[in-house]
Every structure is written in C-alpha cells, then in structure tokens.
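The values are calculated or read from the model by the stated rules, or taken from the named source; none is laboratory data. This one's a predicted model, so the numbers in the text were calculated from it and none came from an experiment. No Cβ is skipped: glycine too gets one built from the backbone with ideal geometry, and neighbour counts run over all protein chains shown. Note: areas computed on protein heavy atoms with side chains; ligands, DNA, RNA excluded. Shrake-Rupley method; radii C 1.70, N 1.55, O 1.52, S 1.80 Å.
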Amino acid sequence: FTDLSTLPARLVGKHSLSLELQADVKKDGRPMWLECTYIPAKRDASGNLTHVLFGVSVIDERKTKDLEQKESLQKALGQAQDASKAKTTFLSNMSHDIRTPMNAVLGYADLALEHIDEKERVVDCLEKLRQAGDNLLDLLNNVLQISRIESGRSVVNNRPCNLTDINDSIVATFESSIHAKNLHFSYRSDLENPYVHADATKIRQIVTNILSNAIKYTP
C-alpha cells in the first residue's frame, strides 16, 4: 500500500485509495484502528501524477461498532439457523409420531364398519378409537407449543399416570397393523406399582417408536 513506485498506476481513474489497519499504537490496551488514504493532489502537463496527499484518520470507534454489529448479525443468523433446524427436526418427528395413532383411528374405523352388527366388537373398536384419539390430541397439543419448537427445547410434564393403561392403549393402537402383517405379538402387563409421576405423552412416543420400528422391520 505504501509502495510509491506503483502508486500512480493504482490511482488511475480513482479519486482516492484507502486502507484500514490496526496500528501498533494502543488504546485501552489494544491496537487502534486507523484508515490511511492517498488522494491525487497534482499532475504534470502529460497528466502524470506528481503529488499526493496522505492522510491518517483514527476510526477506532466506528470500526469497533462495525465489528460489534457484524458479530451481532452473525449471532442472530446462527440463532435463526438453529431455530429453523429445530423446527424441521421437531416437525419431522411429530409427523412420524402422529402417523401411528392416525393409522389406528382409520384401522379401527374400518374394523368397526366390517363388524357393524357385532355390538361387542364395535364397542371395543370405539374404545380403541378413543384411546388413539387421546394420544393424537396430546401430540397435536405439543405441535401447538410454538415457543418450544423455536427454542428446540422440550419440557417434561410430570403428572400422575397409570403405566398399565398407557401400555394397553399403545398396544391397542398397533393391533390393526400387527393383524394386517400377520405378525405374532404377545404382551402382558403385570406391574406391581403401575401408578407413577411421569410425562405420559413422552412415554407413549418412546414406546410407540420402538413398537412401530419392530412392526415395520419384522417380515
């Protein structure tokens, strides 16, 4: 930048030539930001540059603000990208979770129609439809928690629940899928203490994913 032999060529067609740099001169224990500028001042009869003005400005305050703004923008961009990724992951997971009880609703509705004259069978299908509907409602309530989606965080809602009832409802959700694939499935519920404080929705999601994969990947 300070090479005078190349300066005339570098200033051709330009009103000035500037460079920002951090100098050895320190302010508050750190190098100061300076701006050095060449300005054409005089040319000979042939138009060749013979004299220039050289100025040095202290731009420490402006540069510091620029760097802070850049850092702030990069941080905001990172947060926006994280939020977008969290939404994508959340919605992808939820679409998978919602599909299972939705299939159960459709499956038991079809089953009830096939056995419309068998009262006990229809009542059983309706009860399982209700269980699948409750599960679906819990999942949809989670989807509506927009603030949680954006933060990428999940809250555990502990409340009294019956693990036996939860397990029974999960198994009921998959009965039609198991039947459709002609799979053998056995289940027993002999918990000594079924009443616990837990997040029933998340327990359903975990066990549902395990069973869903077992059914999906079992020939």
How big is region 81-210 along each principal axis, measuring the range of its Cα positions in Å and listing the largest first? 54, 34, 24
Which residues qualify? For residue 183, with a placed amide H closer than 5 Å and at least 5 residues away or on another chain, they are none
Can you tell me which of 22, 69, 205 moves the most in a GNM of the chain? Springs connect C-alpha atoms under 10 Å apart. 22
Theoretical FRET efficiency, 1/(1+(r/R0)^6), r = Cβ-Cβ of residue 178 and residue 95, R0 22 Å, to 0.05: 0.50
Cα→Cβ-extended label distance, 7 Å offset, between residue 42 and residue 86, nm: 6.5
Helix-only [θ] at 222 nm, the chain, -39500 (n - 2.57) per DSSP H run of 4+, per residue, nearest 500, equals -20000 deg cm²/dmol
If the chain between residue 2 and residue 25 were fully stretched, how many nm would it gain, using 0.36 nm times the residue separation less the Cα-Cα distance? 6.4 nm
From the backbone phi of region 15-25, what are the Karplus-calculated ³J(HN,Hα) couplings (6.51 cos²θ - 1.76 cosθ + 1.60, θ = phi - 60°) in whole Hz, Gly and Pro given as x? 7, 6, 9, 10, 8, 9, 8, 9, 8, 6, 5
Long-range amide H partners of residue 199, meaning residues 5 or more apart or on another chain whose placed amide H is closer than 5 Å, are 159
Treat each spin label as a single point 7 Å out from the Cα along the C-beta direction, and report the residue 130 to residue 77 distance in nm. 5.5
Report Rg(Cα)/(2.2 N^0.38 Å) for region 85-134, keeping two decimals. 1.50
Cα pair distances exceeding 13 angstrom across region 1-71, given as percent: 69
Excluding residues fewer than 8 positions from residue 202 in its own chain, the aspartates and glutamates with Cα under 18 Å of it are 97, 134, 138, 165, 168
Filtered hits (lysines, Cα-Cα < 17 Å from residue 181, offset >= 8 within chain) -> 216
Size of charge dipole - the chain - debye, nearest 20, with Cβ of Lys, Arg +1 and Asp, Glu -1, no other charges: 1180
If the chain between residue 121 and residue 197 were fully stretched, how many nm would it gain, using 0.36 nm times the residue separation less the Cα-Cα distance? 24.0 nm
Do you know the relative contact order of the chain, to the nearest whole percent, from alpha carbon pairs under 8 angstrom that are 6+ apart? 14
Ratio Rg/Rh, restricted to region 1-120 and using Cα atoms, in which Rh is the Kirkwood radius: 1.60
Residue-by-residue Karplus 3J(HN,Hα) for region 157-172, coefficients 6.51, -1.76, 1.60, Hz, glycine and proline x: 9, 6, 7, x, 8, 10, 5, 5, 4, 4, 4, 4, 5, 5, 4, 4
Considering only 57, 177, 84, give the residue with the highest GNM mean-square fluctuation for the chain, with springs between Cα atoms whenever their separation is below 10 Å. 57
Along the positive direction of the dipole of region 1-133 (beta-carbon charges: Lys, Arg +1; Asp, Glu -1; about the Cα centre), which of 37, 132, 74 reaches farthest? 37
Heavy-atom accessible area per residue, region 157-219, 1.4 Å probe: how many Å²? 65
Which of 169, 18, 95 fluctuates most in a GNM of the chain (C-alpha springs under 10 Å)? That residue is 18
For residue 119, go through the lysines and keep the ones whose alpha-carbon is under 22 Å away, minus same-chain ones fewer than eight residues off. 128
For region 176-191, take each phi angle, set θ = phi - 60°, evaluate the Karplus expression 6.51 cos²θ - 1.76 cosθ + 1.60, and give the result in whole Hz per residue in order, putting x for glycine and proline. 5, 5, 5, 5, 5, 9, 6, 9, 8, 9, 10, 8, 9, 10, 10, 6
Taking a 1.4 Å probe, which of 102, 32, 94 shows the most accessible area, and what order do the others take after it? 102, 32, 94
Of the listed values [x] 75, 21, 13; [y] 35, 21, 17; [z] 26, 22, 15, grab the one calculated as semi-axes √(5λ) of the Cα gyration tensor in Å from the structure here. [x]
